[in-house]
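Working notes, beginning with the structure itself.
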Amino acid sequence: MIRVLFGEFYTSAGSILKILSIGMIFATLSGISANFFSGIGKPKINSKIIYSAAIFNLIGNLILIPMIGIVGAAITTTTSYFMMMVLGLKNTKKFISVKFPVLMWIKTLIAGILLILAIGLLKRLITLNVLLETAIILIIAGIIYSILLFSFRIINIEEVKNLYRRIMT
């Protein structure tokens, strides 16, 4: 995808993009906690979480960047986002009773890993024009992922119907 959008020169950034894309999942989830703390009038908690993660990020960067370069920065940033997510969830539990669907998260993680493996296999099997190859792989992978979501009972047909009704009204 990087090659298509930006050119061959930027393909070395692929590994960094993979690491940071995982970090963005954690950042998004930590944002939920940040909004919660703002909503209940406790922005200081979120500030403490951000400061803690920033200090960790600084120290991690000072250690990892000299050792492994920009990959070290990506790993430290992703770990900082993970830290923010965990601290946010931990502090959220102090104010409301939260039951985390750990089993559902594990099932989703397994489905995601299987999806990545399927995409890797498809990339090895299909060799076409980059855009056509990408389209075919995304369609097949989307079907595989949908089957996995239903098979692992992560979603059901009623949830799909409900989502469809919400979108169409």
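A Cα-only calculation for the chain places Rg and Dmax at 19.7, 55 Å. Between Ile68 and Ala135, full extension at 0.36 nm per residue minus the direct alpha carbon distance yields a gain of 20.7 nm.
The largest-to-smallest principal axis extents of the Cα set in region 93-169 are 53, 32, 23 Å. When the alpha carbon gyration tensor of region 1-101 is reduced to an equivalent ellipsoid, the three semi-axes, largest first, read 31, 16, 10 Å. Its Cα gyration tensor gives region 63-104 an equivalent ellipsoid. The semi-axes, each the square root of 5 times an eigenvalue, are 31, 12, 5 Å from largest down. The stretch between Lys93 and Asn162, if pulled fully straight at 0.36 nm per residue, gains 21.9 nm over its current Cα-Cα span. Annotated for the chain: lysine pairs at least 8 residues apart or interchain, Cα distance under 26 Å, count 21. The helix-based estimate of mean residue ellipticity at 222 nm for the chain, built from -39,500 (n - 2.57) per DSSP H run of four or more residues and divided by its residue count, is -28000 deg cm²/dmol to the nearest 500. Just checking the listed ones, Ile157, Ile19, Ile106: in the Gaussian network model of the chain with Cα springs under 10 Å, the one fluctuating most is Ile157.
The residues of the chain have, on average, 72 Å² of accessible surface per residue, using a 1.4 Å probe with all protein chains present. Projecting label points 7 angstrom from Cα along Cα→Cβ for Leu122 and Ile40 puts them 4.2 nm apart.
log10 I(q)/I(0), Debye, Cα-only region 1-57, no solvent, q = 0.17, 0.22, 0.25 Å⁻¹? For region 1-57 at q = 0.17, 0.22, 0.25 Å⁻¹, log10 I(q)/I(0) is -0.68, -0.84, -0.96.
The values are calculated or read from the model by the stated rules, or taken from the named source; none is laboratory data. Please read these numbers as outputs of a predicted model, since none were measured by experiment. Neighbour counts run over all protein chains shown; Cβ positions are idealised from the backbone, glycine included. In case anyone asks, the SASA skips ligands and DNA or RNA and just uses the protein heavy atoms, side chains included. Shrake-Rupley method; radii C 1.70, N 1.55, O 1.52, S 1.80 Å.
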